[in-house]
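Encoded as structure tokens, the structure appears first; notes follow it.
The values are calculated or read from the model by the stated rules, or taken from the named source; none is laboratory data. Since we're looking at a predicted model, the values are computed, not measured. Every residue, glycine as well, gets a Cβ built from its backbone with ideal geometry; the counts of neighbours run over all protein chains shown. Ligands, DNA and RNA are stripped out before the accessible areas are found, and what is left, the full protein with its side chains, is counted by its heavy atoms. Shrake-Rupley method; radii C 1.70, N 1.55, O 1.52, S 1.80 Å.
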Amino acid sequence: MTSMSMSMTADGHVAPHAVAEAAPAAPAVAQTPEPAPAEPAGRRGEVMRGFMLRVVAAAAGIGGLLAVWLAVSTHVPELPGPGVTWQAALELFADPFYNNGPNDMGIGWNVLYSLKRVGIDFGLAAAVGIPLGFIIGRFRFFNIAAEPVVSLLRPVSPLAWLPIGLLVFKDADMAAMWVIFICSIWPMIINTAAGVRAVPQDYMNVARVLALSEWKVVTKILFPAVLPHILTGVRLAVGTAWLVIVAAEMLTGGIGIGFWVWDEWNNLKVEHIIIAIFLIGVVGLALEYALLWIARRASHGATIN
Amino acid sequence: MNAPIVKIEQAGMAFDTNKGRFVALRDIDLNIHKGEFVSLIGHSGCGKSTLLNLIAGLNLPTAGVCLCNGREIAGPGPERAVVFQNHSLLPWMTCFENVYLAVERVFAAKESRSELRARTRAALEMVHMDHAMNKYPHEISGGMKQRVGIARAFSMEPQVLLMDEPFGALDALTRASLQDELMGVMAKTGATVVMVTHDVDEAVLLSDRVVMMTNGPAATIGEILEVRLDKPRDRLKLAHDSRFAAYRAAILEFLYQKQMKKAA
Ligand SMILES: Nc1ncnc2c1ncn2[C@@H]1O[C@H](COP(=O)(O)OP(=O)(O)OP(=O)(O)O)[C@@H](O)[C@H]1O
Ligand SMILES: [Mg+2]
């Protein structure tokens, strides 16, 4: 499956190039009688134009967002505008790692605490979810057994599990961890299982002809073949965990970016909340890109070609 | 002649599809002896791969029996190595590692690691791929991949080598050079081979016997042609050999007169 979709994206990359190369030929022919020397310059111009278009469009998007924000903040006096927020951000990031006891830590510490929670939970979810996904994908019995459970529980908002966590662990911090664990385990299980089922029959036939042991099948064939799917699961899991952690921390308190947002709300420092929103977005984006980078490095030639 | 390595008796194969039972093969009787090169030829969809998979043990017959060395074939095993049509190299392993996986599986119990490595290297040298041992499959050409696939199969020293259109995806020149290479390897190892092919020239050039299959559904063996040309065979000399032309004509006649593919 992955190799199919990946090769399709590879094709997708080819198509725009082809268009870009074909496009300059037309104006060159229209303007000058000798199109041959004009072509390389035209192609470079096309690339430049494409780049400029992206820069301009991206700037327009951000500009639009700022304009809407500015417009709303001038009509709603409680909402700080971009200028005020920028000033507050400069102050805030001047010393992001101060520490005046557990109830008053810099924003940097809060982000790191949240990341630590996501990291630990994500590790636990991977340790449980990936083997489960393998078992479900490999054995029909478990596949059928797991299907109703997964379909029933997956659509449930992870926050609905918070009271159960509080009840069982009798600890707010553990309950928050529990919620993150629950939300990140589904993508791991589902993607790993789908990946195992999508392993090309050819590879499994190689395993069958060699009569490899189950251990060799898993380590030499299934795991490498499924790795790109697992990494997709990881990316989705981390993305969801980062979404949910803010909400979970708001409910449980302690240290963390979600709690910090809630704290700043209680202090009525709305500009800090806006800063936190941007920061959460930036961290989420960074996580996504880092994992995409890892996935690209781990995908062997087969999924690229 | 002594007892055949592979013995197929009244074998049939039916698939359960959602449109009901589909009988692909019926009443197949075939014996394959040690050192023989047997080709299976027939129109597309007649069941050549199905028959090969029965010998491989990837499919089990729904009628009759298939025996290897007098024992019923109950599943795939390394003594019946397969060269797959699309090479089926594992893309996350180098050429060396792909072959080593097979060598290790077959010989690890008796031999040291250095012996296993030497075997792997020898197999790759045999198909002239030792220069690309540490390359990954996506870094080499289609013909080279097929060579590595053949090296992997030979490295297992199988009792029967099964090949499903091993050169089907290759251009004519690469195909010819791989056929020559295969003939060389065969001469050296005396291996027993069953090969599926679409190519009449290839069948005559390589085979001791050509098994011609009738059209499906419920295909079976139509005729068996014995090719009595001396080995080693030279494709250039054979091009002017009247016996070669006669064998070729016999197969073409079977395929295009007796088993005319009805226009679908
Ligand atoms: N798993 C299966 N389930 C149902 N039908 C099958 C299955 N495998 C093969 N068949 C059918 O059996 C017949 C023979 O298939 P097979 O692949 O053996 O043909 P082939 O001679 O190898 O064809 P080709 O030359 O195109 O490879 C075909 O009609 C095919 O549709
Ligand atoms: Mg076939």
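Residues are listed down the side, and each one gets a yes or a no for (1) within 20 Å of the chain's Cα centre (by Cα); (2) away from ligand 1 (no atom under 13 Å from the Cβ); (3) open to solvent by 20 Å² or more (accessible area, probe 1.4 Å):
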residue: B:206; (1), (2), (3): yes, yes, no
residue: B:213; (1), (2), (3): yes, no, no
residue: B:216; (1), (2), (3): no, no, yes
residue: B:219; (1), (2), (3): yes, no, no
residue: B:226; (1), (2), (3): yes, yes, yes
residue: B:239; (1), (2), (3): no, yes, yes
residue: B:245; (1), (2), (3): no, yes, yes
Give just the number: which of (1) in a loop (DSSP other than H, G, I, E, B); (2) within 14 Å of chain A (Cβ to nearest Cβ) does residue B:101 not satisfy? (1)
Would the range B:34-49 turn up any residue that is within 18 Å of residue B:164 (Cβ to Cβ) and within 14 Å of another protein chain (Cβ to nearest Cβ)? yes
Restricting the search to the range A:247-269, which residues are surrounded by 20 or more Cβ atoms within 10 Å (Cβ to Cβ) and under 14 Å from residue A:157 (Cβ atoms)? A:248
Within the range B:61-77, which residues are within 10 Å of chain A (Cβ to nearest Cβ) and open to solvent by 60 Å² or more (accessible area, probe 1.4 Å)? none
Out of (1) more than 24 Å from the chain's Cα centre (by Cα); (2) more than 30 Å from residue A:69 (Cα to Cα), the one residue A:123 does not meet is (1)
For residue A:235, are the conditions met, namely being basic (Lys, Arg) and either within 14 Å of chain B (Cβ to nearest Cβ) or under 30 Å from residue B:104 (Cα atoms) (or both)? no
Looking at the structure I just gave you, is residue B:115 in a helix (DSSP H, G or I), open to solvent by 10 Å² or more (accessible area, probe 1.4 Å) and more than 22 Å from residue B:57 (Cα to Cα)? yes
Answer from B:99, B:83 - the residue that is within 15 Å of residue B:156 (Cα to Cα) and away from ligand 1 (no atom under 15 Å from the Cβ): B:99
I need a count of the residues in the range B:78-94 that are in a loop (DSSP other than H, G, I, E, B) and facing another protein chain (nearest Cβ under 7 Å). 7
Criterion: within 16 Å of ligand 2 (Cβ to nearest atom) and among the aliphatic types (A, V, I, L, M) - qualifying residue of B:163, B:186: B:163
Residue B:169 fails exactly one of the following numbered conditions: (1) outside the structural domain of residue B:45 (by TED's automatic domain parsing); (2) surrounded by fewer than 16 Cβ atoms within 10 Å (Cβ to Cβ); (3) within 16 Å of ligand 2 (Cβ to nearest atom). What is the number of that condition? (1)
Residue hits (the range B:124-143; assigned to a helix (DSSP H, G or I) and within 14 Å of chain A (Cβ to nearest Cβ)) are B:132, B:137, B:138, B:139, B:142
Does residue B:106 fit the bill of being within 14 Å of chain A (Cβ to nearest Cβ), touching a helix residue (DSSP H, G or I) at 6+ places or on another chain (Cβ under 6 Å) and assigned to a helix (DSSP H, G or I)? no
Contacts under 8 angstrom Cβ, first residue in the range B:188-207 being within 16 Å of residue B:229 (Cβ to Cβ), partner within 13 Å of ligand 1 (Cβ to nearest atom) and in a helix (DSSP H, G or I), 6 or more apart: B:200/B:255
Among (1) farther than 22 Å from residue B:74 by Cα; (2) more than 12 Å from ligand 1 (Cβ to nearest atom), where does residue B:10 come up short? (1)
Would you confirm, using the coordinates I've provided, whether residue B:21 is away from every other protein chain (no Cβ under 14 Å) and away from ligand 1 (no atom under 12 Å from the Cβ)? no
Test result for residue B:175, within 14 Å of another protein chain (Cβ to nearest Cβ) and either open to solvent by 10 Å² or more (accessible area, probe 1.4 Å) or touching a residue at least 40 places away in the same chain (Cβ under 8 Å) (or both): no
Return a yes/no flag: does the range B:186-198 have any residue that is assigned to a helix (DSSP H, G or I), open to solvent by 20 Å² or more (accessible area, probe 1.4 Å) and small (Gly, Ala, Ser). yes
